[in-house]
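Since the structure comes first, as structure tokens, the remarks are kept for the end.
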Amino acid sequence: MVKRHHQIDFASGALVFPGGKAEAGDSDPAWEALVTGWSPDGGVEQALKISAIREAFEESGVLLARTPDGAPWCAEPRAAEAREAVAKGERSFLELVRELDLRLDLGAMAVYARWITPVNMPRRFDTWFFIATAPQDQLAACDGWETVDAEWIEPAEALRMAQVGVRKIIFPTRMNLQMLAESRSADGAIAASRARTLVVVEPKVVQRAGEPYLVLPPDAGYGLVEEAFSAAM
């Protein structure tokens, strides 16, 4: 997980999963020759997987990719040197992957969740969460720009630290950490993701004794969740 810079508008200072916004280049048809697990009918989800890999690379330095012969890719200086330029839009991520002769490993990724901000919020997001096993031979490090810290942390420990006030964790992240904590391993969490039917989570705001509460769909995998809006934010 990474800690967002305190001067960023959304979730400043919070502990979050690496991520960000989709870009037009993530949908470039040229990616077909530079990924594994390509599907002609992949559409939006396929482009979002490319977005997720790019954002994880920008924010943590981890690049989920393989060499043309199918072997896991090990980090090399050229990628690290280009990371900031890619993050700032000064260099094409597609061209970097082509230069490194890599294939983004789309097949290793599973859809974990999809959250859409409630309708009454001033800013709304449609956020997809993906899960994959991290490459063993790559070092994760914050970018020092959007994120100021990076750490591997067990879901239960992250939740404990948030509960005692050591870390700030926003509501969607906390809910996904709770679901992750139900699995005993990364492989178990991925298997559970692939077996679970994706239910879009668009929290509803309801009134309870004059106070707004966030309510999640009961079949989305998080159990019965009704939480005071003030506590969730």
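When region 160-172 is limited to residues that are within 27 Å of Gln136 (Cα to Cα) and either modelled with pLDDT of 95 or more or open to solvent by 60 Å² or more (accessible area, probe 1.4 Å) (or both), the one that is nearest to the chain's Cα centre (by Cα) turns out to be Arg167. Among the residues making up region 51-63, those that are within 21 Å of Cys74 (Cβ to Cβ) and touching a helix residue (DSSP H, G or I) at 6+ places or on another chain (Cβ under 7 Å) are Arg54, Phe57, Glu58, Gly61, Val62, Leu63.
Of all residue pairs spaced 6 or more apart or on separate chains, those with beta-carbon atoms under 9 Å, a first member in region 118-143 that is over 30 Å from Cys74 (Cα atoms) and a second member that is open to solvent by less than 90 Å² (accessible area, probe 1.4 Å) and among the polar types (S, T, N, Q) are Arg123/Thr117; Arg124/Thr117; Phe125/Thr117; Asp126/Thr117. For region 175-184, a tally of residues being open to solvent by less than 70 Å² (accessible area, probe 1.4 Å) and at pLDDT below 95 returns 0.
Quick check on region 193-225: of everything there that is on the phi < 0 side of the Ramachandran plot and over 24 Å from the mean Cα position of the chain (by Cα), which residue is surrounded by the most Cβ atoms within 10 Å (Cβ to Cβ)? Applying the filter and picking the extreme gives Tyr213.
Pairs needed: first member in region 15-42, in contact (Cβ under 8 Å) with a residue 40 or more places away in the chain and closer than 16 Å to Ala108 by Cβ; second member anywhere, of a type in the set (Gly, Ala, Ser) and open to solvent by less than 60 Å² (accessible area, probe 1.4 Å); C-beta distance under 7 Å; at least 6 residues apart or different chains. Every condition considered, the pairs that remain are Pro18/Ala56; Pro18/Ser60; Thr36/Gly107; Gly37/Gly107.
The values are calculated or read from the model by the stated rules, or taken from the named source; none is laboratory data. Since the structure is predicted, the reported quantities are computational estimates derived from the model, not experimental observations. Reconstructed Cβ throughout: ideal geometry from the backbone, glycine too, with neighbour counts over all protein chains shown. In case anyone asks, the SASA skips ligands and DNA or RNA and just uses the protein heavy atoms, side chains included. Shrake-Rupley method; radii C 1.70, N 1.55, O 1.52, S 1.80 Å.
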